[in-house]
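Coordinate-derived values only; no laboratory data. Everything numeric here is computed off the predicted structure, so don't read it as measured data. Using ideal geometry, Cβ is built from the backbone for each residue, glycine included, and neighbour counts are taken over all protein chains shown.
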Amino acid sequence: MTLDYAKSSRPSIAAAVLLLILLPSLPLSAGTQENADQLFANSEFAAAADAYHELIDDGIDVPRNRYQLGRALHEGGDPAAARVAYLAALQSGFQPEGQARYHLARAEISLGHRGAALQQLEALVRLGSPPAPVLQSAAEFAVLQDEPRYRAVLEALSPCRSPEYHQFDFWLGHWDVTPAGKTQSTAENLISSRQGGCVVMEQYTNGAYSGMSINFYDRATELWHQSWMDNAGGAVHLQGGLNEAGEMVLTDRDLPVSSATGTVNRITWTPLPAGEVRQHWESSSDGGQNWKTAFDGIYSPKE
């Protein structure tokens, strides 16, 4: 039995139902923004490049499509064509500019254009992004590791370079901790700089008792924060900053924990002339009206 399509120009109900079932699985029509973006998201880079080309040819020549065309060509293994698209995107005002210049630098170095790549990377310093770890994670830039201009870029884009991030550096070191009034140390504390200078890490040991904290400057709040946890399950959360005397003062007074416990803690770290550091921990049970010392000790460089 054969079907006679000439008998009627109207499709049968069964054919119509079949068409509706199949429609969701059909590819998006070419030439739409949605189609181009979906192809790119699906890592179908050759098809995505064709789709972005079509959009541009159809008059949707916006900076984003130039940039996305470059990304599709680049991921598809054609850095030369990607370079042209990135340049066109930048010339038409693509934002964020740093994003386009970063990938343009990748394309330039892949093409052996060392000087052009460095120029793009140096432009990133002016823009302030991306942070140095992003550049260091890009395999293309490995060939620049010994290049002074590249090292200068990494230094300039290191995210925690400003003085605020280093206000607590006076606490860095390997210390013996001696309680006030004692002559022998009772603990040791290793304070180290981590995460590219963004974190001050504390590792405290006193016999079987130990604990650690991370300390960091939050540029959004312009405050220092400390989160402490020990092997007895004791947690402390503090915030604050330097006072006019150059002391680091952190407290939980304005944090929910003080309301929950009824106790306010305040810890002051004071750099001393002989290269030592005093740590004075005070607590208050009346909202900060009266204070008593919980710990007072001197950090001396460990020999």
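Springs join every pair of Cα atoms under 10 Å in this Gaussian network model of the chain, and among GLN68, GLN99, GLN184 the largest mean-square fluctuation is at GLN184.
Considering only ALA80, ALA139, ALA117, the Gaussian network model of the chain with Cα springs below 10 Å gives its largest mean-square fluctuation to ALA139. Length gained on full extension, THR186 to ASP286, computed as 0.36 nm times the residue gap minus the Cα-Cα distance: 32.9 nm. For the stretch 221-285, the equivalent ellipsoid derived from the alpha-carbon gyration tensor has semi-axes of 22, 14, 11 Å in decreasing order. Only the Cβ atoms of Lys and Arg (+1) and of Asp and Glu (-1) were treated as charged; on that basis the dipole of the stretch 129-244 about its Cα centre amounts to roughly 60 debye.
Charge tally around PHE94: other residues with Cβ under 13 Å, Lys/Arg +1 each, Asp/Glu -1 each, net +2. Within the listed set ALA180, ALA208, ALA156, the Gaussian network model of the chain (springs between alpha-carbon atoms below 10 Å) gives the highest mean-square fluctuation for ALA208.
Against the set [x] 20.0, 71; [y] 30.2, 90; [z] 30.6, 108, the structure's computed Rg and Dmax of the Cα atoms in Å falls on [z].
The local environment of GLY288, defined by Cβ-Cβ distances under 14 Å, has a net charge of -1 under the rule Lys, Arg +1 and Asp, Glu -1.
Entry note, the chain: the mean residue ellipticity at 222 nm calculated from DSSP H runs of n ≥ 4, each adding -39500 (n - 2.57), is -10500 deg cm²/dmol after division by the residues and rounding to the nearest 500. Test of understanding: given the chain, find the longest segment containing no trypsin sites (Lys or Arg not before Pro) that are in a DSSP loop and have at most 12 other Cβ atoms within 10 Å. Result, exposed sites excluded: 1-181.
For the chain, the longest principal axis of the alpha carbon atoms and the long axis of helix 13-22 meet at an angle near 40°.
The orientation-averaged shadow of the Cα convex hull for the stretch 164-301, equal to a quarter of the hull surface, comes to 8.9 nm².
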